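*Asks:* Once you've had a glance at the structure underneath, I'll fire off some questions.
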Amino acid sequence: MKIDLHTHSSVSDGTDTPTGLVMKALNAGLDVIALTDHDTFDGVAEAQEAGKRIGVRVVSGIEMSAEHGGRSVHLLGYGCDPFHRPLLEELTHIRVDRTARMPDMVQRLNGLGLEVTLEDVQAAAKGAPAIGRPHIADALVARGHVADRDEAFARWIAEDGPAYVKRYATPLERAIDLVHEAGGVAVIAHPWGRGGREVLSAPYIERLVYEHGLEGIEVDHPDHDDDTRSLLFEMGARLGLVRTGSSDYHGTGKKRNPLGANLTRPSAFRDLTSRIKRRGGVA
Ligand code: AMP
Ligand code: MN
Ligand code: MN
Ligand code: MN
């Protein structure tokens, strides 16, 4: 059984529609995917309907933009009630602020000598409910300023880049509690990818488990090297965590993350779904 628990559609910053994503999952030989768009459940119903038609199980998921100590952390929630009001209100807050900084970022890019407009960025987002940095990256590609999203981030818009503007994200502990209140299970996405180890120390992760009931960590992820995966695998075992594997697929938006690039073991998936049921969520 092939299981990939972290994917994005064009409803956030992936490039496939939810239906297109499910079709690609079938072609990649996957049996189960979770759709985990950033800060929205908007694609889940379509993906699940497509999954029923096509024969791929689609788990309802989300990747919440959270922060700890002023640094960005991503939290995966599985099986949440997609109509839970406090969670929806928080997601709206995140999305509004994510998009509200776009004029500032465009202005900074213009100040750095790059010709790009807010309309370019809107066109690149193709109606997605939240416009984010990947869409700016796409606009810079379309204008010929950079070759791909990676170059856009590396040169201009990464967190330490010259055109970066900070935005609101939910404090991590509150994000975990909200996922639980919505009946879902909380798994930290790529905890030690891209400098994450300075933000999420092992003792802090342990505290999240004992004080907030954190259920899991992503272990096999394209941003983790082999040593990191071993360390996280051992730590997760010690703390009794669900240890997942996934691609973090974004379509053509992230070329290094093909569907099924990493997989979740069936036993870990069974553990995840039984925890979702215990929380009262939809597995
Ligand atoms: P934002 O939420 O607007 O701050 O944008 C963050 C998103 O940018 C994340 O969800 C990632 O998917 C994406 N991202 C971050 N770094 C890179 C990169 N180097 N290349 C492509 N996408 C990236
Ligand atoms: Mn993304
Ligand atoms: Mn992420
Ligand atoms: Mn992701």
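*Asks:* Take the range 180-216 and flag every residue that is over 25 Å from Phe83 (Cα atoms) and touching a strand residue (DSSP E or B) at 6+ places or on another chain (Cβ under 6 Å).
*Replies:* Passing the criteria: His190, Pro191, Val199.
*Asks:* Here's another thing I want to ask about it. Only one of these is out of contact with any Leu (no Cβ under 8 Å at 6 or more places or on another chain), outside any loop (DSSP other than H, G, I, E, B), hydrophobic (A, V, I, L, M, F, W, C) and open to solvent by less than 30 Å² (accessible area, probe 1.4 Å): Ala139, Ala130. Name it.
*Replies:* One residue alone meets the criteria, Ala139.
*Asks:* Return the residue satisfying two criteria in turn: it lies in the range 163-220 and is within 16 Å of ligand 3 (Cβ to nearest atom), assigned to a helix (DSSP H, G or I) and among the hydrophobic types (A, V, I, L, M, F, W, C), and of such residues it is surrounded by the most Cβ atoms within 10 Å (Cβ to Cβ).
*Replies:* Val179
*Asks:* Are any residues in the range 130-162 more than 16 Å from ligand 3 (Cβ to nearest atom) and either among the acidic types (Asp, Glu) or touching a Lys or Arg at 6+ places or on another chain (Cβ under 6 Å) (or both), and if so, which ones?
*Replies:* Within the range 130-162, Asp138, Asp148, Glu151, Asp160 qualify.
*Asks:* Cβ contacts < 8 Å: first residue more than 16 Å from Leu232 (Cβ to Cβ), restricted to the range 243-268; second residue within 14 Å of ligand 4 (Cβ to nearest atom) and aromatic (Phe, Trp, Tyr), any location; separation 6+ or different chain. Result?
*Replies:* Cβ pairs passing all conditions: Asn257/Tyr249; Pro258/Tyr249; Leu259/Tyr249; Ala261/Tyr249.
*Asks:* Name the residue, out of Thr15, Thr7, that is touching a residue at least 24 places away in the same chain (Cβ under 8 Å), within 19 Å of Leu263 (Cβ to Cβ) and not hydrophobic (A, V, I, L, M, F, W, C).
*Replies:* Thr7
*Asks:* Next question, about the same structure. With (1) open to solvent by less than 40 Å² (accessible area, probe 1.4 Å); (2) not in a loop (DSSP other than H, G, I, E, B) as the list, and Gly14 as the residue in question, which single condition is left unmet?
*Replies:* Evaluating Gly14 over (1) open to solvent by less than 40 Å² (accessible area, probe 1.4 Å); (2) not in a loop (DSSP other than H, G, I, E, B) leaves (2) as the failure.
*Asks:* On the given criteria, is Gly236 over 30 Å from Leu114 (Cα atoms) and surrounded by 17 or more Cβ atoms within 10 Å (Cβ to Cβ)?
*Replies:* It is true that Gly236 is over 30 Å from Leu114 (Cα atoms) and surrounded by 17 or more Cβ atoms within 10 Å (Cβ to Cβ).
The values are calculated or read from the model by the stated rules, or taken from the named source; none is laboratory data. Everything numeric in this text was worked out from a predicted model, so none of it was measured. Glycine gets a Cβ as well: all are built from the backbone with ideal geometry, and neighbour counts include every protein chain shown. Remember, those area values only see protein heavy atoms, side chains included, never the ligands or the DNA or RNA. Shrake-Rupley method; radii C 1.70, N 1.55, O 1.52, S 1.80 Å.
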